[in-house]
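Let me begin by presenting the structure, written as structure tokens, before commenting on it.
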Amino acid sequence: MQKVRCLPLEQRMKLYNQAKKFRKENEWGQRKISKEIKVSESTIAHWIYKEKGPNPRRWNPTKELLNTLYWIERLTARKIARLFGVSFQTVLYEMKRLGVPRREWRVLPNLEPSEDLAYVVGVILGDGYANNVGTNYRVMLNVRSVEFANSFSSALARLGFRPKVYRILGKKGRYSNKEFYVCQANSAKFVRWFRRSSLADIEKRILLTNQFKIKFLKGIYESEGSLSWRPNLRNYHIYISNTDYELICLVKNLLNELGFSPTIPNPSKFPNRKDLYTCRLNRKSEIKQFLNQINPSIKNGKGVVI
């Protein structure tokens, strides 16, 4: 059986007229006509019963045309579809039929230990997340600060992701109609790697140098930290809070290794919620040193006297 959709319009019309002739003069059924002209029974039935002939507007590109547009001019399949007024699926079908290979779009980020990887992991352990919905593997961050979203996006791009940042409006409660900035990237390789890595694995494989530890703390601080004024002591202090006690202990250990003196007070308890653990820096000199070392994009103390 030949695929009628792949034939030129003149040849399709010739087969259509033959089918109509056999039906009218010989009173043949669709099966006999199908065997005679080597066209599928469903197509014959469409022609002789529904009386619908071949589509004269069918798009029949050449292999040379698709190669030129897709590989030389670097147009995407969606742009080619818009250019010719056809569907995206039609372009993909014609590319497959004519043997035009598609570009490789899989994202394979660099998972070797680096400052950017340490920072990205720190952000994801805080406000970000890495999960999948079916086959859609996503790395996302949804925050109020465009500076934070852009900082995360830049780190992802240096690792080999193709992130995008876009603005949305909150829909519920106190965040209704307030601006949020979403940074999103996709990579099955990264999400699978992150989800099978424990905190111990992250500490052992990524946090190998002091600079990597500083970048990791930067990601955690921008996500879960705060720079707050303490009226009773007339001084600022730094909080890093999370419901994961192991993560807070890791933050405390890293700060100790970098020469700070953090403390973990008793957790804050809330009804019907997990306990909230906090790692705190109180010394004025350490707060300045911490902000200078990690150089956060937000909560950096600019405009205040510490």
Considering segment 100-134 alone, what residues qualify as being β-branched (Val, Ile, Thr), without any contact (Cβ under 8 Å) to a residue 40 or more places away in the chain and part of a loop (DSSP other than H, G, I, E, B)?
VAL100
Quick one: which of ILE287, ILE248, ILE240, ILE298 is part of a strand (DSSP E or B) and surrounded by 12 or more Cβ atoms within 10 Å (Cβ to Cβ)?
ILE240
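Conditions tested, residue by residue: (1) out of contact with any Ser or Thr (no Cβ under 9 Å at 6 or more places or on another chain); (2) farther than 14 Å from ALA118 by Cβ.
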| residue | (1), (2) |
| --- | --- |
| ARG167 | yes, yes |
| VAL182 | yes, yes |
| ASP201 | yes, no |
| PHE212 | no, no |
| PHE216 | yes, no |
Quick check, is TRP28 part of a loop (DSSP other than H, G, I, E, B), aromatic (Phe, Trp, Tyr) and modelled with pLDDT under 85?
no
Does segment 70-99 hold any residues that are touching a Phe, Trp or Tyr at 6+ places or on another chain (Cβ under 6 Å) and in a loop (DSSP other than H, G, I, E, B), and which are they?
VAL86
Look through ARG23, ARG78, ARG12, ARG31 and report the one residue that is among the charged types (D, E, K, R), within 20 Å of MET95 (Cα to Cα) and touching a helix residue (DSSP H, G or I) at 6+ places or on another chain (Cβ under 9 Å).
ARG78
Which condition does ARG273 not pass, out of (1) surrounded by 11 or more Cβ atoms within 10 Å (Cβ to Cβ); (2) part of a loop (DSSP other than H, G, I, E, B), if it passes all the others?
(1)
Which listed residue is free of Cβ contacts under 8 Å to residues at least 24 places away in the same chain, surrounded by 13 or more Cβ atoms within 10 Å (Cβ to Cβ) and either outside the structural domain of VAL133 (by TED's automatic domain parsing) or closer than 16 Å to GLY128 by Cβ (or both), from ALA185, ALA157:
ALA157
Under 9 Å by Cβ, and 6 or more places apart or on different chains, what pairs join a residue from segment 77-96 that is in the same structural domain as ASN67 (by TED's automatic domain parsing) and in contact (Cβ under 8 Å) with a residue 40 or more places away in the chain with one that is surrounded by 14 or more Cβ atoms within 10 Å (Cβ to Cβ) and not in a helix (DSSP H, G or I)?
none
Could you list, in sequence order, the residues of segment 36-70 that are free of Cβ contacts under 8 Å to residues at least 12 places away in the same chain and either surrounded by 12 or more Cβ atoms within 10 Å (Cβ to Cβ) or under 30 Å from ARG82 (Cβ atoms) (or both)?
GLU41, HIS46, LYS52, ASN55, ARG57, GLU64, LEU65, THR68
Yes or no: GLU203 over 26 Å from the mean Cα position of the chain (by Cα) and acidic (Asp, Glu)?
no
Could you tell me whether LYS213 is outside the structural domain of ILE124 (by TED's automatic domain parsing), among the charged types (D, E, K, R) and not in a helix (DSSP H, G or I)?
no
Of all residues being more than 24 Å from the chain's Cα centre (by Cα) and not small (Gly, Ala, Ser) in segment 213-231, which is farthest from SER241 (Cα to Cα)? Just the residue, please.
PRO231
If we ask which residues in segment 252-266 are more than 18 Å from PHE212 (Cβ to Cβ), assigned to a loop (DSSP other than H, G, I, E, B), in contact (Cβ under 8 Å) with a residue 12 or more places away in the chain and not aliphatic (A, V, I, L, M), their number turns out to be 3
Which numbered condition trips up LEU207, out of (1) assigned to a helix (DSSP H, G or I); (2) closer than 27 Å to GLY160 by Cβ?
(1)
Given the conditions (1) assigned to a helix (DSSP H, G or I); (2) of a type in the set (Phe, Trp, Tyr); (3) over 19 Å from ILE298 (Cα atoms); (4) touching a helix residue (DSSP H, G or I) at 6+ places or on another chain (Cβ under 6 Å), which single one is not true for TRP193?
(4)
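The values are calculated or read from the model by the stated rules, or taken from the named source; none is laboratory data. As the structure is a prediction and not an experimental result, all values here were calculated from the model. So basically every Cβ, Gly included, is an ideal-geometry build from the backbone, and we count neighbours across all protein chains shown.
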